[in-house]
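The values are calculated or read from the model by the stated rules, or taken from the named source; none is laboratory data. As the structure is a computational prediction, the values presented were derived from the model and not from experiment. Quick reminder, even Gly has a Cβ in these numbers, built from the backbone with ideal geometry, and neighbours come from all protein chains shown.
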């Protein structure tokens, strides 16, 4: 699939695509590590390494599992360091931290979404976070109402790289998946788009380089700010 002219719907990943990943989730990760290690610096360091978080730099490594995995999978990883903890209880704590994480929207987010909606496009969000904190983040940024569909890994459609969330968006909007595009900053996003039969657009606003995204993408753009121009150039 190479054309953008017949696209009628767009599904966006959230973090690294609509929001700055490092700015948002580094603070979340520090908070989680401090809380769950209960002051044990060695334990915090081991958990940080497992999550792919550089404590000294305060940044995620490009191979961090937090980038593409679901919140449930992150909780499962941390359980290895927290014997006796319950997965559901830990996930609830992680979601509570996530809902309070300071958000840094990508520059021009509201304007980009408004322009795309003015073109008649239906918009959705498919994230591997839980749905409740995802909605809280979108609401805080003032853009929740711009989306016709919002799904987290716990919304009943599975998580990426599976296509369930994307196919649910198509079903909810009455669109053929072939008339939709998936926009994201990771291979999980693009693989989900391919599996759903959608056009795939990679953005370089996350941690993945162009050469990583290009083999799975029909197009690679700098960020979502380039989307209106890209669609306009295709009719």
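Being at pLDDT below 95 and not assigned by TED's automatic domain parsing to the domain that holds residue 62 narrows it down to one residue among 196, 209, 179, 217; which is it?
Testing whether each residue is at pLDDT below 95 and not assigned by TED's automatic domain parsing to the domain that holds residue 62 leaves just 209.
Could you tell me which of the residues 168, 192, 178, 208 is without any contact (Cβ under 8 Å) to a residue 24 or more places away in the chain and either in a helix (DSSP H, G or I) or surrounded by 19 or more Cβ atoms within 10 Å (Cβ to Cβ) (or both)?
Of 168, 192, 178, 208, the one residue that is without any contact (Cβ under 8 Å) to a residue 24 or more places away in the chain and either in a helix (DSSP H, G or I) or surrounded by 19 or more Cβ atoms within 10 Å (Cβ to Cβ) (or both) is 168.
Rundown of residues vs (1) assigned to a loop (DSSP other than H, G, I, E, B); (2) surrounded by fewer than 19 Cβ atoms within 10 Å (Cβ to Cβ), yes/no style:
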| residue | (1), (2) |
| --- | --- |
| 24 | no, no |
| 35 | no, yes |
| 62 | yes, yes |
| 85 | yes, yes |
| 102 | yes, yes |
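I'd like the residue in segment 195-205 that is in a loop (DSSP other than H, G, I, E, B) and under 14 Å from the mean Cα position of the chain (by Cα) and, out of all such residues, is surrounded by the fewest Cβ atoms within 10 Å (Cβ to Cβ).
Here the answer is 204.
Here are some residues: 178, 136. Which one is on the phi < 0 side of the Ramachandran plot and under 19 Å from the mean Cα position of the chain (by Cα)?
136
Would you confirm, using the coordinates I've provided, whether residue 163 is crowded, with 21+ Cβ neighbours inside 10 Å, assigned by TED's automatic domain parsing to the domain that holds residue 13 and in contact (Cβ under 8 Å) with a residue 12 or more places away in the chain?
yes
One residue is enough: does segment 39-50 have a residue meeting the conditions closer than 29 Å to residue 150 by Cβ and in a loop (DSSP other than H, G, I, E, B)?
Looking for residues that are closer than 29 Å to residue 150 by Cβ and in a loop (DSSP other than H, G, I, E, B), one finds none in segment 39-50, hence no.
Of all residues in segment 104-114, how many are surrounded by 12 or more Cβ atoms within 10 Å (Cβ to Cβ) and more than 21 Å from residue 189 (Cβ to Cβ)?
Residues that pass the stated criteria total 2.
Of all residues in segment 130-156, which are assigned to a loop (DSSP other than H, G, I, E, B) and under 16 Å from residue 68 (Cα atoms)?
Residues satisfying the conditions are 130, 152, 153, 154.
Just one of 51, 94, 90, 59 is within 21 Å of residue 21 (Cα to Cα), at pLDDT 95 or above and not assigned by TED's automatic domain parsing to the domain that holds residue 187; which is it?
Details: 94 fails: at pLDDT 95 or above; 90 fails: within 21 Å of residue 21 (Cα to Cα); 59 fails: at pLDDT 95 or above.
Checking each option against the conditions leaves just 51.
Here is a list: 145, 136. Which entry is free of Cβ contacts under 8 Å to residues at least 12 places away in the same chain and surrounded by fewer than 20 Cβ atoms within 10 Å (Cβ to Cβ)?
The match here is 145.
Would you tally the residues in segment 64-75 being under 19 Å from residue 205 (Cβ atoms) and in a helix (DSSP H, G or I)?
Residues that pass the stated criteria total 3.
Can you work out which of the residues in segment 211-226 that are in contact (Cβ under 8 Å) with a residue 60 or more places away in the chain and closer than 12 Å to residue 17 by Cα is surrounded by the most Cβ atoms within 10 Å (Cβ to Cβ)?
Once the filter is applied, the top-ranked residue is 224.
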